[in-house]
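Here the structure is laid out as structure tokens; the discussion comes afterwards.
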Amino acid sequence: MSKNYLKSVFTGLDGCKAWTLQLVKMSLSKRAGTSYVCREVDISPSDRLFNLICTIKEKYGIGDVIDEYSSVDMYTGDVLNNVIYKIDGTSKLIKRELESLIEATSNPDKEIEISKFKPNALILKGYVKLDGDNVQVLLVSMQKPVTTLTNKYMWISTNKFKEIKEPVLSVRDVIDVAIIGNKVYLFNLSGEKLFNMERTYRAVAEEHINDIAASGLLSNVNKFREVASTGRNPRRFVAYNDEHFKWLEDLENRKRVAKKLGIKMKKNRIDTDDKSSTEKLIKFLCNKAMIDPCNENPVEVAAAKPWS
């Protein structure tokens, strides 16, 4: 999915004249997961919301904001600031949360008292016409949108200022997440918070860790679990490559990989008593280990993907 596609979506934003603005409150629970409540609000003068949409169109559709990113890549858990990450709505990383968020935006509350509502994010909801069909678009800003100011005063006459006691709404023209149909695009990693992705990628990692631990390929399962479930390793398992794992089931393949990557072996098993070998194994299984063709030395890469 190219940057040109995204630019075409943003270029078409002003084709919709029925944009709405919603405040989003996210609640996190270990037992219940992530839940959302949306509160639809209006801003005055009435043309300001559409003017904002036109500004976003200019920045992202016509301007060079998207061009400044190096690429649009599938989400792999990597942390590269110059990449827009795409996640399919069916991914187990976000499926439940995305469905819950879309449901909340479809049935927003209009009565909750703003002073008692503590939103975490702001959503602009509309649609664009793609291939003749109207496709829903949600543009998300992850900055806290409502604040209560202290020691702030508004000018009301020549020599007089009035204290601002009411909640103040901040509406940015910066997009952190774009949800286009059933596809999610993260313009920065603050978007991970929208779907509580740390919880889900840790759950995904645990599934893969259990499969590897049960394979009989490791010298010390407990040591492997200890290393694999800490630090940056749970995030790495987002890009887990099952073909690499199956390839290691063959002893000769296992020996070949161990030799190339400097992984220690113990009685034909991966020596997971050695932390360095465990780290190298995880990087290999998660597409983070490659061989430099110039000198045949193993190197760590942020993400491996086919050449376009």
Legend entry - Given [x] 67; [y] 75; [z] 51, the label whose value is percent of Cα pairs over 28 Å apart derived from this model: [z]
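For S141, S44, S29, S100, what's the fewest-to-most ordering of other Cβ within 10 Å of each Cβ?
Listing S141, S44, S29, S100 from fewest to most nearby Cβ atoms yields S44, S29, S100, S141.
Give me S115, S46, S219 ranked fewest to most by other Cβ atoms within 10 Å of their Cβ, as a rough exposure proxy. The partial results should precede the final answer.
Details: S115 11, S46 8, S219 19.
Ordered from fewest to most neighbouring Cβ atoms within 10 Å, S115, S46, S219 come out as S46, S115, S219.
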Inset, instruction - Note the angle between two axes, namely the Cα long axis of helix 251-261 and the longest principal axis of the Cα atoms of the chain, as a number of degrees from 0 to 90, rounded to the nearest 10. - result: 60 degrees
Inset, instruction - Could you check the simple spin-label distance between D67 and L251, using points 7 Å along Cα→Cβ, in nm with one decimal? - result: 5.9 nm
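Which order do R202, R236, R225 fall in if you start with the one that has the fewest other Cβ atoms within 10 Å?
On the way: R202 13, R236 23, R225 18.
Starting with the residue having the fewest Cβ neighbours, the order is R202, R225, R236.
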Inset, instruction - Can you tell me the relative contact order of the stretch 200-300? Whole percent, Cα pairs under 8 Å, sequence separation 6 or more. - result: 29 percent
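Given +1 on the Cβ of Lys and Arg, -1 on the Cβ of Asp and Glu, and no further charges, what dipole in debye does the chain carry about its Cα centre, rounded to the nearest 20? Write down the numbers at each step before the final one.
Numbers: 49 positive and 41 negative charges, 177 e Å.
That gives a dipole near 860 debye.
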Legend entry - Rounded to 5, percent antiparallel among DSSP beta bridges of the stretch 3-195: 90 percent
Legend entry - Shape category assigned to the stretch 1-100 from the gyration tensor of Cα positions, a/c cut at 1.5: oblate
Inset, instruction - Could you pull out which residues in the stretch 13-45 have an amide N less than 13 Å from a spot 7 Å beyond the Cα of K110, following the Cα-Cβ vector? - result: 20-21, 39-43
Inset, instruction - Enumerate the residues in the stretch 257-274 having an amide nitrogen under 11 Å from the point lying 7 Å beyond the Cα of K223 toward its Cβ. - result: 264-266, 270-274
Inset, instruction - Compute the acute angle (0 to 90°) between the alpha-carbon long axis of helix 95-106 and the principal axis of greatest extent of the alpha-carbon atoms of the chain; round to the nearest 10°. - result: 10 degrees
Inset, instruction - Would you mind calculating the relative contact order of the stretch 3-195 from Cα pairs under 8 angstrom and at least 6 residues apart, reporting the percent as a whole number? - result: 24 percent
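No value in this document is a laboratory result; all are computed from the given coordinates. Just so it is clear, the model here is predicted, and its values are computed rather than measured. Using ideal geometry, Cβ is built from the backbone for each residue, glycine included, and neighbour counts are taken over all protein chains shown.
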